[in-house]
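A.B. asks: The structure is given below, and queries will be raised subsequently.
The values are calculated or read from the model by the stated rules, or taken from the named source; none is laboratory data. Since the structure is predicted, the reported quantities are computational estimates derived from the model, not experimental observations. Glycine gets a Cβ as well: all are built from the backbone with ideal geometry, and neighbour counts include every protein chain shown. Accessible surface is based on the protein model in full, side chains and every heavy atom, while ligands, DNA and RNA are left aside. Shrake-Rupley method; radii C 1.70, N 1.55, O 1.52, S 1.80 Å.
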Amino acid sequence: MIAIIDYDAGNLRSVEKALAFIGEESSITRDRAQILAADKVILPGVGSFGDAMEHLKRYGLDEVIREVVKRQIPLLGICLGLQLLFERSEESPGVEGLGILKGEILHIPEKEGLKIPHMGWNSLNIRDGAGLFQGIAQNAYVYFVHSYYLKAGDERIVAATTHYSTEIHASVEDGMVFACQFHPEKSGDVGLRILKNFAAIGGGRK
């Protein structure tokens with residue numbers, strides 16, 4: 001069972017449908033016991049960083065997510081879910097992120113000829129051996145919708161990058177914590193393979 005964390009963010013149903021398509025059972029929930037009993041956990045989302053952190057704290061989900069990480073239950077952040085795993089975002093000055101990973105979320109720099117938000121397909125530069133990208137070709141295209149991007153504090157956790165006005169850390173992996181700035185559930189066969197790879201990852205409950 002894969003738990004999809006419900007914190008009043010958008011896009012939860014799209015993730016649920018993509019998981020069903022690849023034969024994975026999932027549940028949209030904010031129940032602590034159900035989340036901690038899951039084989040895998042996904043933190044999806046679209047919306048603003050500050051509102052999302054407020055909702056996570058309101059439901060006590062910030063501490064549940066930290067417990068998921070402590071127990072080494074595989075966790076996948078998607079889009080806003082990736083951003084929330086880090087320390088801060090220029091979108092919401094003064095708001096602390098979950099701080100599970102080191103780094104900050106910055107506004108995509110303005111550049112002539114490029115629209116912000118960045119909405120569309122971009123190719124990935126994939127690091128050798130990245131777990132989420134097993135069986136996926138270098139320069140595969142995935143779908144992005146965002147105005148802010150990750151600059152990881154430790155580039156060793158960066159699993160894939162893309163370029164849109166600047167270098168964007170598009171995916172990270174650190175132990176059992178995985179995250180994508182792009183939307184695998186909207187990225188066709190490549191995205192479905194990423195979700196399959198995540199579903200196949202083993203974890204533990206220490």
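A.B. asks: Restricting the search to segment 122-156, which residues are open to solvent by 20 Å² or more (accessible area, probe 1.4 Å), touching a Ser or Thr at 6+ places or on another chain (Cβ under 8 Å) and part of a loop (DSSP other than H, G, I, E, B)?
C.D. replies: Scanning segment 122-156 gives a single hit, 139.
A.B. asks: Please specify each residue of segment 76-108 satisfying the condition of being more than 28 Å from residue 195 (Cβ to Cβ) and either of a type in the set (Gly, Ala, Ser) or at pLDDT below 95 (or both).
C.D. replies: Answer for segment 76-108, where residues must be more than 28 Å from residue 195 (Cβ to Cβ) and either of a type in the set (Gly, Ala, Ser) or at pLDDT below 95 (or both): 92, 94.
A.B. asks: Also, quick follow-up: Identify the single condition in (1) open to solvent by 10 Å² or more (accessible area, probe 1.4 Å); (2) under 21 Å from residue 43 (Cβ atoms); (3) touching a strand residue (DSSP E or B) at 6+ places or on another chain (Cβ under 6 Å) that residue 197 does not satisfy, given that it satisfies every other one.
C.D. replies: (3)
A.B. asks: Show the residue pairs that are 6+ apart or on different chains and have beta-carbon atoms under 8 Å apart, the first residue being within segment 137-152 and farther than 14 Å from residue 191 by Cα, the second being basic (Lys, Arg) and open to solvent by less than 70 Å² (accessible area, probe 1.4 Å).
C.D. replies: The qualifying pairs do not exist here.
A.B. asks: Have a look at 113, 23 and point out the one that is exposed (fewer than 15 other Cβ atoms within 10 Å of the Cβ) and at pLDDT 95 or above. Break it down stepwise before answering.
C.D. replies: Details: 113 fails: at pLDDT 95 or above.
Result: 23 is the single residue among 113, 23 that is exposed (fewer than 15 other Cβ atoms within 10 Å of the Cβ) and at pLDDT 95 or above.
A.B. asks: Can you name the residue in segment 162-194 that is of a type in the set (Asp, Glu), out of contact with any Ser or Thr (no Cβ under 7 Å at 6 or more places or on another chain) and in a strand (DSSP E or B) and, of all such residues, is surrounded by the fewest Cβ atoms within 10 Å (Cβ to Cβ)?
C.D. replies: The selected residue is 174.
A.B. asks: Then there is this: Which one of 46, 68 is touching a strand residue (DSSP E or B) at 6+ places or on another chain (Cβ under 6 Å) and either open to solvent by 10 Å² or more (accessible area, probe 1.4 Å) or free of Cβ contacts under 8 Å to residues at least 40 places away in the same chain (or both)?
C.D. replies: Every option except 68 fails the conditions.
A.B. asks: Hey, could you check segment 71-109 for residues that are not in a loop (DSSP other than H, G, I, E, B) and not hydrophobic (A, V, I, L, M, F, W, C) and say which is surrounded by the fewest Cβ atoms within 10 Å (Cβ to Cβ)?
C.D. replies: Filtering segment 71-109 down to residues not in a loop (DSSP other than H, G, I, E, B) leaves 75-78, 80-84, 88-89, 103-107.
Now narrow it down to the ones that are not hydrophobic (A, V, I, L, M, F, W, C): 77, 81, 83, 88-89, 103-104, 107.
On the way: 77: 28, 81: 27, 83: 28, 88: 18, 89: 24, 103: 22, 104: 17, 107: 13.
Only one residue tops the list, namely 107.
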